[in-house]
Each structure stands twice: as C-alpha cells, then as structure tokens.
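K.L.:
Take a look at the following structure, please.
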Amino acid sequence: DTGVSQDPRHKITKRGQNVTFRCDPISEHNRLYWYRQTLGQGPEFLTYFQNEAQLEKSRLLSDRFSAERPKGSFSTLEIQRTEQGDSAMYLCASSFSSGANVLTFGAGSRLTVL
Amino acid sequence: AQSVTQPDIHITVSEGASLELRCNYSYGATPYLFWYVQSPGQGLQLLLKYFSGDTLVQGIKGFEAEFKRSQSSFNLRKPSVHWSDAAEYFCAVGPITGNQFYFGTGTSLTVIP
C-alpha cells in the first residue's frame, strides 16, 4: 500500500475558476476525511465519509464546496468560483471505522488563488 | 467547547538538547490524544498516540509523551534533539463529537547547531 495519495500537489488558479482535488485513501480504510490548513494554523475539519456516505460537514464547508466519494474508494473535493480566501493546503486523511481511529494523512494539495 | 492549546508558537533548541512541547486540551472526558509532525509542504505524520492505559507513551523517532489527566495535558518530549527534528508539531484530540479530530495551532521547532 502506498498510503494516502492526493492529486494535484499544487494548483494555481485565478479567482472565479473551479478546482477539483482528488484523494485516494489507504484501500483498507473505510473512513475518509478532508481538512483545510492555512498558514500558521492547524488542520481544520471540513467533512468526512464512511464508505460512500458523507456523514458530517463543517460549517467551514460553504455552498461552493462539494465533496464526493462515489464508490467508497477515492474522493474528490471541488471548489467552485474560487476566492482568494480559499488559498490553503487541503489535506486528506483516512482511517478504519472500528476501534480507536488513527488518521493517516496524505501529502496535501496546495491551492493558490490569484 | 472542545479545544486544543499549544501555548508555544515557536521553539528554538540546540542540537543535542532536550525538548518539551506543551499541549493542553479541553474536553468533558478523556479523549484520544495524538502528536503529529509536519515538514514543510508535506502532510502530517503520526508520532504517537494515547488511547488508554500507561500514561507515558513512546513514539517514533525517539519521541515520548505523557498524559496528565489532572492537568489536561499531553506534552511531547525528546531527550536529545537532532537537526532533522526541525518541523511543525501538532497536538490533536479525537474523536469527540461525530468524528471530528481537533488540532492545535502547532509549534514550530528550529534546531540550531
């Protein structure tokens, strides 16, 4: 297993454009999380899935953000009409659902909105 | 409300010196506790975790942490720091409500020769 993979690692876009990030979790993990991290801050929870079901969303996840995990494997996070305030590192993590959870993170996707 | 506090934004230590990074949490019961490390431009790597049992836990890279219930603390320690330990360190608690993990704001560690 290669761990949690995220693509792209870096994305530079102009304000108003749409962007999509992909996350491939560890194959045995049925929980998948998205976090956002801005400079000098810790990761902030955005949303999480158990299998294909999106079970929780943060208030940080505005209407411009949508996440999917259609087959319970990989997930996508789309940001529509990007704003400069969306510039951040978007982190994906996965875990088992049984027992005590330990998050395994990917390397992140850094978004810069010009 | 649940929260994690890392009071030290930045710490500088000499290589070979000991290290202690502080973490305090606010929660109604004993949560699961974690320390993660993040190198520049990278994701977070788990250093160690506490779920229950022995309050002194050992992790990777020679790190250890001690859970003190009376102080709501989970401080990270290393007896002798190496230059490669320079990174950002995050304390986290979870899962609390739902399945959210809460992270502190991090402590940036600089190691000087």
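The values are calculated or read from the model by the stated rules, or taken from the named source; none is laboratory data. Keep in mind it's a predicted model, so treat the numbers as computed, not measured. Heads up, the Cβs are rebuilt from the backbone with ideal geometry, glycines too, and the neighbour counts pull from every protein chain shown. Heavy atoms of the whole protein, side chains included, go into the accessibility calculation; ligands, DNA and RNA do not. Shrake-Rupley method; radii C 1.70, N 1.55, O 1.52, S 1.80 Å.
K.L.:
Please work out, to two decimal places, the log10 of the ratio I(q)/I(0) at q = 0.15, 0.18, 0.27 Å⁻¹ from a Debye calculation in which every Cα of region A:1-63 carries one identical scatterer.
P.N.:
Normalising to I(0) and taking log10 leaves -0.60, -0.86, -1.34.
K.L.:
Where Lys and Arg each count +1 and Asp and Glu each count -1, what net charge lies around B:Gly106 among other residues with Cβ under 11 Å from its Cβ?
P.N.:
Its environment carries a net charge of -2.
K.L.:
Are there GluC sites (Glu not before Pro) in region B:1-95 that DSSP puts in a loop and that have at most 15 other Cβ atoms within 10 Å, and which ones?
P.N.:
Here the sparse-neighbourhood loop sites are B:Glu15.
K.L.:
So if I place +1 on the C-beta of Lys and Arg and -1 on the C-beta of Asp and Glu, and nothing else carries charge, what would the dipole magnitude of the protein assembly as shown be about its Cα centre? I want it in debye, nearest 20.
P.N.:
Value, rounded to 20: 420 debye.
K.L.:
Next question. On average, how much accessible surface per residue is there in region A:1-110, in Å², for a 1.4 Å probe, leaving out ligands, DNA and RNA?
P.N.:
Spelled out: the 1.4 Å probe surface of region A:1-110, per residue, equals 50 Å².
K.L.:
Pick from B:Lys68, B:Lys49, B:Lys78 the residue whose mean-square fluctuation is largest in a GNM of chain B, springs joining Cα atoms under 10 Å.
P.N.:
In the Gaussian network model the winner is B:Lys68.
K.L.:
On the accessible surface of the protein assembly as shown, probed at 1.4 Å, how many percent belong to carbon and sulfur atoms?
P.N.:
Result for the protein assembly as shown: 47 percent of the exposed heavy-atom area is carbon or sulfur.
K.L.:
So which aspartates and glutamates pass the test for B:Lys49, namely a Cα distance under 20 Å, with those fewer than 8 places away in the same chain ruled out?
P.N.:
The qualifying aspartates and glutamates are A:Glu44, B:Glu20, B:Glu64, B:Glu66, B:Asp85, B:Glu88.
K.L.:
Compute the Rg to Rh ratio over chain B from the alpha carbon atoms, using the Kirkwood formula for Rh, and round to two decimal places.
P.N.:
0.96
K.L.:
Something else: Counting only other chains, what is the mean number of Cβ atoms within 10 angstrom of the Cβ of each residue in peptide B:47-60?
P.N.:
1
K.L.:
Normalised by the number of residues in region B:2-58, what is the relative contact order in percent for Cα pairs under 8 Å and 6+ residues apart?
P.N.:
Here the relative contact order equals 26 percent.
K.L.:
Per 0.36 nm of contour for each residue apart, how much would the distance between A:Lys14 and A:Arg81 grow if the chain were fully extended, relative to their Cα-Cα spacing?
P.N.:
23.2 nm
K.L.:
Moving on to the next point. If you build a Gaussian network model of chain A, linking Cα atoms that sit under 10 Å apart, which residue out of A:Ala93, A:Ala67, A:Ala53 swings the most?
P.N.:
In the Gaussian network model the winner is A:Ala53.
K.L.:
Still on this structure, I have one more. Running Debye on the protein assembly as shown with equal point scatterers at the Cα sites and no solvent, what base-10 log of I(q)/I(0) appears at q = 0.09, 0.13, 0.15 Å⁻¹?
P.N.:
One equal scatterer on each Cα of the protein assembly as shown leads to -0.37, -0.77, -1.00.
K.L.:
So for A:Thr20, B:Thr107, A:Thr76, what's the accessible-area order with a 1.4 Å probe, most first?
P.N.:
A:Thr20, A:Thr76, B:Thr107
K.L.:
Interface A/B, total buried accessible area with a 1.4 Å probe, nearest 100 Å²?
P.N.:
1700
K.L.:
Which residue, A:Arg69, A:Arg81, A:Arg22, tops the fluctuation ranking in a GNM of chain A built on C-alpha contacts under 10 Å?
P.N.:
A:Arg81
K.L.:
Within 9 Å, Cβ to Cβ, of A:Leu46, how many net charges do the neighbouring residues add up to if Lys/Arg are +1 and Asp/Glu are -1?
P.N.:
Here the charged neighbours net out to +1.
K.L.:
Which of the residue pairs A:Lys11/B:Lys78; A:Lys11/A:Lys57; A:Lys11/A:Lys71 have a Cα-Cα distance greater than 27 Å in the structure shown?
P.N.:
Beyond 27 Å: A:Lys11/B:Lys78.
K.L.:
Between the chain alone and the structure with every protein chain in place, find the residues of region B:98-113 that drop at least 20 Å² of accessible area; heavy atoms, 1.4 Å probe.
P.N.:
In region B:98-113, residues shielded by partner chains: B:Asn99, B:Gln100, B:Phe101, B:Phe103, B:Thr105.
K.L.:
Could you please report the charge total around B:Ile60, scoring K, R as +1 and D, E as -1 over all other residues with beta-carbon less than 15 angstrom from its beta-carbon?
P.N.:
Counting the neighbours of B:Ile60, the net charge comes to +2.
K.L.:
With the other protein chains left in place, how much accessible area per residue, in square angstrom, belongs to chain B at a 1.4 angstrom probe?
P.N.:
Per-residue value: 46 Å².
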